[in-house]
There are 2 protein chains.
Amino acid sequence: MPQTDASLFDAATAVTRTEGGGLVADLDPGWDVGPGVLNGGYLLAVVARAALAESRHPHPVALSASFLRATGPGPVTLAVTPGPAGRTLAHSSVVLTGAGGPSLAVQVTTATLTDEPPAYSAAPPPEVTPVERCLPAVDDGTLPHPLPEVGLRTRVHTRLDPATAGWALGRPGEEPVVRGWVRLADGREPDPLALLLFADVLPPTSWAIGRFGWAPTVQLQVLVRALPAPGWCLVEARANELAGGWLDEDYRIWDATGRLVAQSRQLARLPR
Amino acid sequence: MPQTDASLFDAATAVTRTEGGGLVADLDPGWDVGPGVLNGGYLLAVVARAALAESRHPHPVALSASFLRATGPGPVTLAVTPGPAGRTLAHSSVVLTGAGGPSLAVQVTTATLTDEPPAYSAAPPPEVTPVERCLPAVDDGTLPHPLPEVGLRTRVHTRLDPATAGWALGRPGEEPVVRGWVRLADGREPDPLALLLFADVLPPTSWAIGRFGWAPTVQLQVLVRALPAPGWCLVEARANELAGGWLDEDYRIWDATGRLVAQSRQLARLPR
């Protein structure tokens, strides 16, 4: 699928420089995960665009974000504080502020990624059901627990591996693991910005064990490891430990060639 | 071992409030990992103390840091920008600035940790050699590649699992994994601040495959999951992918009871 000129994702993550020199964006209500709450990965892509606007490097390689409060659609400012910058990488801090105050504070590192093969890899893609035999993550009336009808699912085609989608069929499992294939619905091919979106794109892993409910992200770190090939990306989210009201979620993302292209880890609050 | 009144770790991480209300620290040269370069975990413990000084919550639960430049010993300021704070958790941003300028920018989340058992855990401790049969990580004249004689090793007792210490015996392995037991040399028992130190305490995992050299941390996220029991902590560091001049390092830390108490992930530059 060729990259379209009019990508919804590119338009929704666009960052504009004001006459005063500041950076602003108009967050698109279409990327929500609940009433008035936008997806964290979508917000990271906007933040990364702001950091890139102030960097000589073309790609985000590491973002570490504190989610200060939920972020809704509408106008926001993006305050970028540049840090040291060199030939290899550049640092900056970005604060996203909307009507409700600062909602995202992010450490960003930019650099130049390649698609050269890894010198070492211990993260091959897992066994997974081919995309054409996976479950659509939208409500077609057949699933007891389909994903809620939120904007994110219309923007990102999501195909759930039946092996980790028992919860959607009324049979939650023992492991907080969710796996699926994703790609942008607008036909735009994946790039490092899209990988930031994909690093928080699946439903909470706690749903896989029948703990439905909102699992708000507290902190999220995303590492982008390589330029992804065109096509579907495979995303696996896994919680290692649920304790004291908290859970971690590790994401690993492979491109269509099976290459590990991103990793993320978040700390979230556990649904009751 | 009882917690001593005069813990070197507590003294070296102390943060003081100035008459003007700001926070300062005097970084101790004894926690170095190379000439004039202090250990990243040590620095995170200092940063966490600054965040705690401005929080109603007693424990660091998540720190995400950008390492802007190497940090040496001597006086530093710690600028804390408080974020939203509630009954469950509080956010802040901390910038550590020394003679060379800002060197660490950190997102911090504080909360109240417990030692209540996990509701789910998929991270049991790995098979490991008992501490009394592990290798000391200091130069006793018997190891071809002992750890460099740096301050950190005199401050943290480190016992390397021979199963992942082939590199120290002149036989680097195939896997970038290093495992060892650690505890503070001053006899102080572990707590969440010590876990921050332990989250960057082992030599680079790239040494395990014979790529010796400095692997500077670019970004590091640490999650503290529970209050650790007294005694040795088991630390395992593992790189998943080495590519394009970068490596990731995942740390998992278990306390003396085998409980997972902390996780970290860093992106670092790969030694040549």
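Brief remarks follow.
- Yes/no for B:His145 being assigned to a loop (DSSP other than H, G, I, E, B) and either at negative phi or within 9 Å of chain A (Cβ to nearest Cβ) (or both): yes
- Where A:Thr110 falls short, out of the listed (1) part of a strand (DSSP E or B); (2) within 9 Å of chain B (Cβ to nearest Cβ): (2)
- A:Asp5, sole failed condition from (1) more than 14 Å from chain B (Cβ to nearest Cβ); (2) at pLDDT 95 or above: (2)
- Taken over the stretch B:82-107, the criterion of being farther than 16 Å from A:Ser92 by Cα, out of contact with any Gly (no Cβ under 8 Å at 6 or more places or on another chain), more than 8 Å from every other protein chain (Cβ to nearest Cβ) and of a type outside the set (Lys, Arg) is satisfied by B:Pro82, B:Ala85, B:Gly86.
- Residue, farthest from the other protein chains (Cβ to nearest Cβ), within the stretch A:254-272, restricted to residues that are small (Gly, Ala, Ser) and assigned to a loop (DSSP other than H, G, I, E, B): A:Ala256
- Sole residue being away from every other protein chain (no Cβ under 14 Å) and part of a strand (DSSP E or B), chosen from A:Pro75, A:Pro60: A:Pro75
- Candidates in the stretch B:24-57 are the residues that are among the aliphatic types (A, V, I, L, M) and not in a helix (DSSP H, G or I); of these, the one that is farthest from B:Val150 (Cα to Cα) is B:Val24.
- Among residues of the stretch B:115-142, those that are in a loop (DSSP other than H, G, I, E, B), modelled with pLDDT of 85 or more and more than 14 Å from chain A (Cβ to nearest Cβ), counted: 5
- Any pair with Cβ under 9 angstrom, 6 or more apart, that starts in the stretch A:92-114 at a residue that is hydrophobic (A, V, I, L, M, F, W, C) and modelled with pLDDT under 95 and ends at one that is surrounded by fewer than 24 Cβ atoms within 10 Å (Cβ to Cβ) and not in a strand (DSSP E or B): A:Ala99/A:Gly72
- Residues within the stretch B:240-253 that are surrounded by fewer than 19 Cβ atoms within 10 Å (Cβ to Cβ) and more than 10 Å from chain A (Cβ to nearest Cβ), tallied: 0
- Count - residues of the stretch A:211-239 that are within 7 Å of another protein chain (Cβ to nearest Cβ) and basic (Lys, Arg): 1
- The set of residues in the stretch A:181-210 being within 14 Å of another protein chain (Cβ to nearest Cβ) and in a loop (DSSP other than H, G, I, E, B) consists of A:Ala199, A:Pro204, A:Gly210.
The values are calculated or read from the model by the stated rules, or taken from the named source; none is laboratory data. Keep in mind it's a predicted model, so treat the numbers as computed, not measured. Methodologically, a virtual Cβ is constructed for each residue, glycine included, from the backbone with ideal geometry; neighbour enumeration extends over all protein chains shown.
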